[in-house]
1. For residues that are closer than 23 Å to N32 by Cβ and either of a type in the set (A, V, I, L, M) or touching a Cys at 6+ places or on another chain (Cβ under 9 Å) (or both), scanning just region 152-206, find the one that is surrounded by the most Cβ atoms within 10 Å (Cβ to Cβ).
2. At least 3 residues that are small (G, A, S) and within 19 Å of the chain's Cα centre (by Cα) in each: list the helices (runs of 4 or more DSSP H) lying fully within region 169-257 that qualify.
3. Quick check on E144: is it modelled with pLDDT of 95 or more, among the acidic types (D, E) and over 18 Å from the mean Cα position of the chain (by Cα)?
4. Please list, ordered by residue number, the helices (runs of 4 or more DSSP H) wholly in region 85-162 having 1 or more residues that are in contact with a strand residue (DSSP E or B) (Cβ under 9 Å, 6 or more places away or on another chain).
5. Might you check whether a residue that is surrounded by fewer than 16 Cβ atoms within 10 Å (Cβ to Cβ) and not in a loop (DSSP other than H, G, I, E, B) occurs anywhere in region 280-293?
6. Residues P237, P275: which one is under 24 Å from A98 (Cα atoms) and surrounded by fewer than 22 Cβ atoms within 10 Å (Cβ to Cβ)?
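The values are calculated or read from the model by the stated rules, or taken from the named source; none is laboratory data. Just so it is clear, the structure is predicted and the values come from calculations on it, not from any experiment. Here the Cβ positions follow ideal geometry from the backbone for every residue, glycine too, while neighbour counts run over all protein chains shown.
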Amino acid sequence: MGQLVNGEWIKGSISNNAKDGRFKRLNSVFRNNISEDHDTYRAESKRYHLYVSYACPWAHRTLIFRKLKKLDNHISVDFLHPDMLEMGWSFAKDFPKATGDTLYNKRYAHEIYQLSNNKISTKATVPILWDKKTRSVVNNESSEIIRIMNNAFNNITKNYDDYYPHNLKNEIDDINKIIYENVNNGVYKSGFSTTQASYEDAVIKLFSTLDMIEKLLEKQDYLVGNVLTEADIRLVPTLIRFDCVYYLHFKCNLKKINDYKNISRYLKNLFKKIPISSTTNFEHIKRHYYYSHDNINPHRIIPIGPVSSI
C-alpha cells in the first residue's frame, strides 16, 4: 500500500518499521470532534458519512457503535472493496457488498483525503468520518470516532446508552491501553515484524495479554464493571479475526482464541448481539488480509478454512 505525500499518491509499500524491525503504526492526522456547539462540526442528522471496510478491525468498531447508538439513519456509510493494493483502499464494486463511493464516485480512498486537503501527507486509512457540508474529513482515528458516536448525537437519536461511563473511565482507559498495545496492534506487530527478535517480543506480549484476559473473564462476562463498554467493542473485532487470519497469516500461532475457554465464551456471547454479528463479514476479512499482503502471502492463496466456531 502506498501513501499520500504532499497530496500526491506514492505507489508501493512504504515501510515505517523501526530499525530493529518493529512495526510502527503512524498516528492518524484528522482529529476533530463533533458536538452541538462545535464551531465547524455540529451534530446534525444526515450530515456525516462513514467510509469503512468490512475487513478492517479499526473500521469494524465504528460500524458496531453506529448500530449500538441507533445512528443508521443519521450517519450514512460506504463499504470499500476488500483488496488493498498499490493504489490503497479501492471503491471498486466487483465484490459482494462493496458499495463504491456513493457521494463523489471516486475510485480510491486516498482521493477522499485529497478532496479534504490537496497537500496532505498521510496513510489513506479507514475508517473515515466525513462531513458532507464542508467536504472535509472530520476524523480518521477510530478510537475517537467511537467516542464521538457515544455522545455527540444523543439528543438527535434519543439513545443515551453510555459505553464510556464516568465511573468506569479510568478502568476502561487502563485496559484499552494494554489491549491496544499488545492485542489490537500486537497482531500487526507480529505479522509485520521484519526480525525474529521483534516478532517474538510481539507474540509473547500478545499471548501474555490474552492469558490475562482469560483470567479476568473467569468470573465476569465483560472486561470492565461487568457491563458492555467501549473496552469490549475495541477488543471484539480483533478476536473475531484471530483464528481465521491472525493465527496463520500473522504467525500468532501459540494458541487459537477457540483454545481459550473464557475468551471463547465471551466472544460467542458478544457475537449474539446484532450490532456485532450484522457488521461482521468473513468473506471481506479473509479476502483482504490474504490477498492484499503480498509481502506475507506472495501467491495470494486464500485458505478455505477454518470453519468459524463463533
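1. A152
2. Here the list reads 186-191.
3. On the way: modelled with pLDDT of 95 or more: yes; among the acidic types (D, E): yes; over 18 Å from the mean Cα position of the chain (by Cα): no.
No: the conditions fail for E144.
4. Passing ranges, in order: 109-116, 142-151.
5. Narrowing region 280-293 to residues surrounded by fewer than 16 Cβ atoms within 10 Å (Cβ to Cβ): 282-283.
Subsequent filtering for residues that are not in a loop (DSSP other than H, G, I, E, B) retains 282-283.
Yes, some residue in region 280-293 is surrounded by fewer than 16 Cβ atoms within 10 Å (Cβ to Cβ) and not in a loop (DSSP other than H, G, I, E, B).
6. Numbers: P237 fails: surrounded by fewer than 22 Cβ atoms within 10 Å (Cβ to Cβ).
When all the criteria are applied, what remains is P275.
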